[in-house]
Amino acid sequence: MSEKRQFKAIKGTRDILPPDSAVWNWFEQTARQVFESYGFRDIRLPIFEETELFARAVGAETDIVGKEMFSFFSQFTSDERFEDLEQRLHEELARDPGEEKIRALVDSNDPQIPGTLSQAAAKVRRSGESLTLRPEATAGSVRAYIEHGMHTLPGNQKLYYIGPMFRRERPQKGRYRQFYQVGAEVLGPSDAPGIDAEILEMLLALFNRVGLANTKLYINSIGCKDCRPAYVELLREELRKVKDQLGADSQRRIETNTLRVLDSKLPEEQPIIEKLPRISEHLCAACRDHFEKLKIELALREIVYEENWRLVRGLDYYTRTTFEVTAAGLGSQNAVCGGGRYDGLVEMLGGPAGVKGIGFAIGTDRAILSIQEGGNLPRLAGLDVFIAWMGAQAYPAAVRIAQKIRARGFSAELPPEEMKFRKSLGLADKLGARFALILGEDEAATSTYTLKRLADAHQEKLGEAALLDTLEAERKGTRA
Ligand code: ATP
Ligand code: MG
């Protein structure tokens with residue numbers, strides 16, 4: 001027998017246990033309610049997609065695609081000649097899923113590796129079987145929109161999703177490898193600024209409803225395919241002039257992902273960045289107009305925001321409107337939501353031309369952390385009734401009344417084995433029950449129940465109908 005060992009959750013992942021899980025459910029449920037009141041509907045997407053989808057949608061030069069993806073091969077060719085090779089590849093890739101490893105294997109002249117390895121590797125690559133745990137859900141939403149011809153549906157499609165995302169990042173407060181997002185997307189023929197403003201309104205309505213305090217909305221416009229390239233070129237030229245004053249990351253990004261330099265948090269780069277040309281002065285007339293109208297739409301909704309010309313976001317697909325919301329209590333990981341417009345993405349992923357899109361993703365982990373830090377957690381409904389039954393004759397009545405209480409939408413705990421009276425009430429108390437329903441042989445014989453409110457020990461003897469009415473009245477009273 002092998003030695004006994006305990007297993008632990010993988011670094012960067014975590015278990016969300018009760019009672020915390022109730023807070024998560026409440027947050028997600030509130031998001032559903034708010035989003036549905038704006039006409040958004042749930043879309044449930046696969047957790048993994050082709051790696052190439054993310055590479056194309058999010059952008060090969062982004063942090064996400066460049067270094068944060070969890071990729072793997074699902075399936076190897078069914079050709080028997082490749083079986084051993086596949087096993088070998090699989091083991092190697094499990095250790096390091098980077099393409100580099102395959103190449104290294106292919107290129108090595110290891111006599112153990114038959115020459116067919118390169119064929120196998122090529123086949124694996126060709127057949128597009130490299131899969132990735134989704135690092136975000138916009139790519140999948142757009143893939144689904146195209147795959148199901150949703151552009152033929154009337155009007156704009158308003159979708160929301162809730163679920164886990166995966167990024168290989170250094171775990172720290174507010175940053176996990178499996179984290180959760182609640183997001184929304186609007187896809188369709190219109191890019192009216194009113195859409196941008198409405199999803200921002202919806203987002204802030206949710207934050208308001210869940211008591212997320214001290215939020216700050218930042219907005220920017222990063223132009224479109226007509227005006228951004230010229231701006232990026234200008235920026236690149238200016239950055240090359242100051243290259244030797246920049247850190248290694250920014251130096252590299254000048255060539256690979258120029259706009260991202262603006263995102264730098266390095267203190268010594270700040271005075272340099274502040275002097276760089278700003279996109280707002282280089283927007284084309286159509287983008288400038290869109291941004292101006294967005295601000296009018298926001299004013300109409302009394303939405304408070306701050307313009308931040310350096311808000312470029314890490315993903316390649318954004319055009320025009322970008323935004324971010326920060327919240328209190330999160331330290332340096334203070335962004336609880338990011339989003340923006342992605343008008344060209346549908347076409348770029350092989351869909352019909354002319355489809356516009358905008359969306360956001362809220363980081364649920366951080367949102368909940370911030371609400372907790374702010375002490376704004378709601379008192380969530382706990383156990384309603386603990387059924388303290390005693391005596392074998394009382395048990396059948398206890399089972400039946402538990403069914404009836406539960407059918408009315410209350411929660412009831414029914415001990416599966418008889419307990420001593422004191423112990424029973426003690427447990428009711430520890431479980432935080434609001435009522436104990438005392439059911440002894442006397443009560444069972446007369447079809448009555450003693451209902452004891454645990455907060456003040458008030459108790460009364462009731463028949464079944466009166467008992468259910470009392471619970472109902474109590475529920476209404478505490479809700480009002
Ligand atoms: P950051 O700059 O914090 O890395 P990001 O730009 O990578 O964020 P987005 O891709 O815009 O983030 O995702 C939207 C939101 O998802 C973020 O604002 C954040 O709240 C949350 N988020 C992103 N990555 C993580 C993570 N690793 N752990 C927890 N939450 C995350
Ligand atoms: Mg990130």
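Values in this text are rule-based calculations from the coordinates and carry no lab data. As the structure is a prediction and not an experimental result, all values here were calculated from the model. Virtual Cβ from ideal backbone geometry, glycine too; neighbours counted across all protein chains shown.
Looking at segment 385-476, the DSSP beta bridges with both ends there are about 55 percent antiparallel. Report, ordered by chain and residue number, the lysines lying within cross-link reach of residue 420, taken as a straight Cα distance under 20 Å and ignoring same-chain residues fewer than 8 apart. Here the lysines satisfying the reach criterion relative to residue 420 are 430, 452. Under 20 Å from a label point set 7 Å out along the Cα-to-Cβ vector of residue 28, the amide N atoms of segment 160-174 belong to 160-167, 174.
Structure note, pairs 241/265; 67/356; 11/158; 158/295; 243/275: Cα-Cα distances above 25 angstrom occur for 67/356; 11/158.
Once you sort the root eigenvalues of the Cα gyration tensor of segment 385-476 as a ≥ b ≥ c, which label holds: rounded (a/c under 1.5), prolate (a/b larger than b/c) or oblate (the other case)?
rounded
When the chain is described by a simple charge dipole with +1 on each Lys and Arg Cβ and -1 on each Asp and Glu Cβ, the residue from 328, 346, 38 located farthest towards its positive end is 328. Size estimate for the chain follows the Kirkwood approach: the inverse of mean 1/r over distinct Cα pairs works out to 26.6 Å.
Using the rule -39500 (n - 2.57) for each DSSP H run of four or more residues, divided by the residues of the chain, the 222 nm mean residue ellipticity is -12000 deg cm²/dmol.
Between residue 292 and residue 209, residue separation times 0.36 nm minus the direct Cα-Cα distance comes to 27.0 nm. Using a 4.7 Å Cβ-Cβ cutoff, the cysteines of the chain lacking any partner cysteine are 224, 287, 337.
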